[in-house]
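To start, the structure itself, in C-alpha cells.
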Amino acid sequence: MHICLTQWIFIAIAVAAGGVQAYTLRILNRGKLQSEFPIFFRYSCLCIAAYAISLIPFIFSTSQQFRYVYWVLTVMTMVFEFAVLYELLVNALKPYSALIDLGKMLFRWAAVFLVLAALLTAFATASTGSDKFNAATELLQRTVRLMQCGLLLLFFGLEKRLGLSWRTHTMSISLGLGIYAAVDLICTYMMGRVPALNTTFEILPNAVYLAAAAFWAYSLAKPEPARANVLDSPRRLIFQRWNEALLTHSVRGEMAFASAGMESFLPGVEQTVERVLARKIIQ
C-alpha cells in the first residue's frame with residue numbers, strides 16, 4: 001500500500017500527539033491532578049484511543065468502513081470537549097458556589113439545544129442517511145468549537161476579576177483548546193474558499209492540536225501559582241455581588257423554577273438583577 005507524503009505527515013502528527021497525551025496522563029496521575037480534572041483525564045484517554053484508531057486506514061484498506069468509526073469517534077470527542085468546557089468553567093468559578101449552580105443550569109440547557117439542533121439539521125438535510133448524520137456531526141463540531149473560543153474570550157476579559165493567572169492549569173487548558181478551536185474553524189471556512197490549499201488546511205489544525213497538547217503537558221508539569229482571593233479584596237467585584245444575590249435568592253426560594261414554572265422564574269431574575277444593581281450603587 002503506497003503512502004504519500006501528506007499521509008506520512010498525518011501519521012507522524014497522530015503518533016506524536018498520542019505520545020504527548022500519554023505523557024500528560026502520567027503528569028495528571030503523578031501530580032494527583034486527576035481528581036481536579038477527571039473529565040479532562042478521560043478526554044485525554046479518548047484522544048489516545050482515537051489517534052491509535054485513526055492509523056487503521058493507513059495500514060489497512062478500510063477507508064469506507066472506517067468512515068462510520070470516524071463518525072462515532074467525532075461525536076464522542078465533541079461530547080467530552082463540551083464536558084471539559086463545563087469542568088473548566090466550574091474550576092474557574094470555585095469561590096462562587098451560586099454562580100456554579102447557575103453555570104450548571106446553563107450548560108444543561110446548552111446541551112439540550114445542541115442535541116435538538118443536530119437532530120433538526122439531520123432531518124432537514126434532503127439526502128441519504130450518511131449525509132444526514134454527517135451534517136449533524138459537523139454542526140455539533142462547529143458549535144462546540146465556537147463555545148471553546150467563547151470560553152477563551154471570557155477568560156481573557158475576566159482574568160483579573162476572577163483572580164486567575166494564565167499560569168494556572170485551568171487557564172492553560174482553556175488557552176490550548178481555544179486556540180485550536182479558532183484555527184480549526186478558520187481552516188474549515190477557508191477550505192471552501194481556497195480549494196487549492198485544502199491539504200494545508202487539513203494538516204494545520206492537527207499540528208496546532210499537537211502544539212496545544214505539548215503546552216498542556218508543560219503547564220501541568222509546573223506547580224500551579226496560588227490563586228488571588230478576590231473575596232477578601234476591599235473592592236467588591238461584580239462576581240461577588242452576583243454570587244451573594246443568587247445565594248440570597250436561593251435561600252428565599254424565589255427561583256424555584258421546577259416547582260413554580262416560567263411565570264415566577266422571569267420576575268425572580270428581574271429581582272436578582274435589581275438587587276445586584278442596588279448593591280453596586282450603594283458601594
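We did not get these values from a lab; they are worked out from the coordinates using the rules stated. Note that the structure is a prediction, hence the values are computed from the model and not measured. Positions of Cβ are backbone-derived with ideal geometry, glycine not excepted, and every protein chain shown enters the neighbour counts.
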(request) Could you compute the FRET efficiency for Tyr68 and Lys32, with r as their C-beta to C-beta distance and R0 at 51 Å, rounded to 0.05? (result) 0.85
(message) Over segment 134-190, what is the relative contact order in percent, taking alpha-carbon pairs closer than 8 angstrom and at least six residues apart?
(response) 48 percent
(request) Normalising by the residue count of segment 5-225, find the relative contact order in percent from Cα pairs under 8 Å and 6+ residues apart. (result) 25 percent
(request) Starting at the first residue of segment 5-20, write each ³J(HN,Hα) from the Karplus equation 6.51 cos²θ - 1.76 cosθ + 1.60 with θ = phi - 60°, in whole Hz, x for Gly and Pro. (result) 4, 4, 5, 5, 5, 4, 5, 4, 5, 5, 5, 5, 5, x, x, 5
